[in-house]
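Working notes for the structure below.
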Ligand SMILES: Cc1ncc(COP(=O)(O)O)c(C=O)c1O
């Protein structure tokens, strides 16, 4: 088996055992004589798949009973507009922390529907840090405060115990690139959303976890698909859901559960990231681009002290089976995305290549 180490920011690496199970079940799912791709979403067997997938996620994230879990389409990008359309209703105000491109896109979308205020931003230093805020920075009248817990492009993140103090305000989080990577307390949030294609499964499904009392605020004149109530009432079966992606997420959730749950994988993630950051910091050849205190466990952007070597680095790494390491065009350099499913061996192989490359090019 010639699998590469895939450092892509998303869609990204999936656990091999999950892919193996999916391939075993591809033609004949558990003796039903058909693939999950071919099943009616109204069949009993698919109903079991979606409900067990939801239950696994509830168990992993300890989602309280007063929260709904929705499996939607449209990516995290559709949530940039669904959230304000549904939640920016009482005072038509929402406050935003701009910690990267995605947070920025969420705010730009919300501007179309109301007063979306930028409370703090790290744009001044290419989003290389998380700005500090205090409770009084947020408007008491804001319908919610929006954050992005992990900034995929810039490699910074807001730690579970370092969320902004928003007092009684509702906190909404785009958790697309670090959901299930570490324990966050769902009770700290009014709504969490995440596209699946980084830490949960293939692209096509977006998970929304929201407090029940927030459902039902959308105006009547919005398209049905954009109203959370429609989806909540229909158990994510308002229309045909992304059945296969949901099934794959279920397999990934089971994989995390078997490893010991989110706490256990969080420890592994910290070790993996620490190993890579330690090497970068001590190399004298590479440099991390994010502020140390705010470094992401999932996306590790770095540059060569001699930037002229970066294209060569990416090209040679590709040949060694270490792929998709080119940094986002807005940061340059390299970025290693090391999501849950990236094995420690992948980190070791990357460090070994980096050492060798540094030796040859010093
Ligand atoms: C943090 C974050 N939010 C949102 C998105 C956009 O997600 P989607 O492509 O699912 O709309 C991404 C994609 O990379 C992301 O990393």
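Brief remarks on what is shown
- Seen from every direction in turn and averaged, the convex hull around the alpha carbons of region 81-163 projects onto 5.2 nm².
- Rounded to 5, percent antiparallel among DSSP beta bridges of the chain: 55
- Residue exposure proxy: 146, 328, 231, ordered by other Cβ atoms within 10 angstrom of their Cβ from fewest to most, comes out as 328, 231, 146.
- Most mobile listed residue (223, 160, 202) in the chain, GNM with C-alpha springs under 10 Å: 223
- C-alpha center-to-center spacing [region 153-225, region 331-347] in angstrom: 23
- Quotient of C-alpha Rg and 2.2 N^0.38 Å, computed over region 287-362: 1.05
- For region 261-361: relative contact order, % (alpha-carbon pairs under 8 angstrom, 6 or more apart): 27
- With a Förster radius of 51 Å applied to the beta-carbon distance between residue 348 and residue 213, the computed FRET efficiency rounds to 0.60.
- Gyration tensor (alpha-carbon) shape descriptor, region 244-290, a/c threshold 1.5: prolate
- Under conditions of 25 °C and 0.890 mPa s, region 1-95 yields 143 µm² s⁻¹ as its translational diffusion coefficient, taking Rh as the Kirkwood radius over Cα pairs in the Stokes-Einstein equation.
- Exposure proxy ranking, count of Cβ atoms within 10 Å, fewest first, for 111, 208, 18, 132: 132, 111, 18, 208
- Centroid-to-centroid separation of region 11-66 and region 244-299 [C-alpha atoms, Å]: 24
- Pairwise label distance in nanometres, residue 16 with residue 312, each label 7 Å out on the Cα-Cβ vector: 3.2
- Gyration tensor (alpha-carbon) shape descriptor, region 69-222, a/c threshold 1.5: rounded
- Computed log₁₀ I(q)/I(0) - Debye formula, equal Cα scatterers, no solvent, region 202-278, q 0.26 Å⁻¹: -1.18
- Percentage relative contact order, the chain, counting C-alpha pairs under 8 Å, at least six apart: 23
- Length gained on full extension, residue 188 to residue 257: 22.6 nm, using 0.36 nm per residue less the C-alpha separation.
- Among 158, 351, the order by Cβ neighbours within 10 angstrom, fewest to most, reads 351, 158.
- Two-site FRET efficiency, residue 281 against residue 320, from Cβ-Cβ distance with R₀ of 30 Å, rounded to 0.05: 0.85
- Cα gyration tensor shape for the chain, rounded if a/c is under 1.5, else prolate or oblate: oblate
- Short-range pairs are left out: with C-alpha atoms under 8 Å and at least six residues apart, the relative contact order of region 117-203 is 24 percent.
Readers should treat all values here as calculations from the given coordinates under stated rules, not as data from a laboratory. Just so we're clear, the structure is a prediction, and the values are computed from it rather than from any experiment. Note: ideal-geometry Cβ built from the backbone for every residue, glycine included; neighbour counts use all protein chains shown.
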